[in-house]
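The values are calculated or read from the model by the stated rules, or taken from the named source; none is laboratory data. Since the model is a prediction, treat every value here as computed from it, not as a measurement. All Cβ positions, glycine included, derive from the backbone under ideal geometry; neighbour counts span all protein chains shown.
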Amino acid sequence: MPSTISIRPATRADLALLCELIHDLAVYEKLEHECKVSESGLAAALFGDGGRPCAEAVIGEVNGRAEGFALFFTNFSTFLCKPGIYLEDLFVRPHARGVGLGKALLAHLAKLAVSRGCGRLEWSVLDWNEPAIGFYKKLGAIPMNEWTVFRLTGSALTNLGT
């Protein structure tokens, strides 16, 4: 019997679920020690509590049960002079993989990008995550091998910003 897959926008009622899924993602990526997610932090980011929303999330369900999510935000391409969608995180629980939920989440974001007039849908993937890399390539995604991601955090960020 085929699975029923649905994608829906995250709501405030999903904050605890999103925290759980993000924690599961951190464990999968071996980055649990870096995971500082909280319901209040997500509420601020997704719903603008105390300011303006800066990200969006969708929940992926299989047979009515939440099994994954995608969290994303709008970026901008100066060369295309168009907005884009940057996929910060995509995660499907291991037991729910293989039924098409990951593809459905990406297709939902692609459709959203097209409807918003975006020029790109982009994301990063850990070099060691061969299953994800193969999955993305099968969908037609192209690795941007000539680009290196840089990051400022902690004292380096503070020092440069003061």
Determine, yes or no, whether Gly64 is at positive phi, of a type in the set (Gly, Ala, Ser) and in contact (Cβ under 8 Å) with a residue 40 or more places away in the chain. yes
Taking region 80-112 and the residues there that are over 19 Å from Ala26 (Cα atoms) and small (Gly, Ala, Ser), the one that is surrounded by the most Cβ atoms within 10 Å (Cβ to Cβ) would be Ala104
Which residues, counting only those in region 1-60, are more than 14 Å from Phe91 (Cα to Cα), in a helix (DSSP H, G or I) and among the acidic types (Asp, Glu)? Asp14, Glu32, Glu34, Glu39
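Could you tell me which of the residues Phe76, Phe91 is touching an Asp or Glu at 6+ places or on another chain (Cβ under 7 Å) and under 23 Å from Glu56 (Cα atoms)?
Phe91
Of the residues Glu122, Glu130, only one is modelled with pLDDT of 95 or more and among the acidic types (Asp, Glu); which?
Glu122
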Any pair with Cβ under 8 angstrom, 6 or more apart, that starts in region 1-14 at a residue that is without any contact (Cβ under 8 Å) to a residue 60 or more places away in the chain and ends at one that is in a helix (DSSP H, G or I) and crowded, with 19+ Cβ neighbours inside 10 Å: Ala10/Leu18; Ala10/Leu46
Name the residue, out of Ser77, Ser115, that is more than 16 Å from Thr4 (Cα to Cα), surrounded by 13 or more Cβ atoms within 10 Å (Cβ to Cβ), of a type in the set (Ser, Thr, Tyr) and more than 14 Å from the chain's Cα centre (by Cα). Ser77
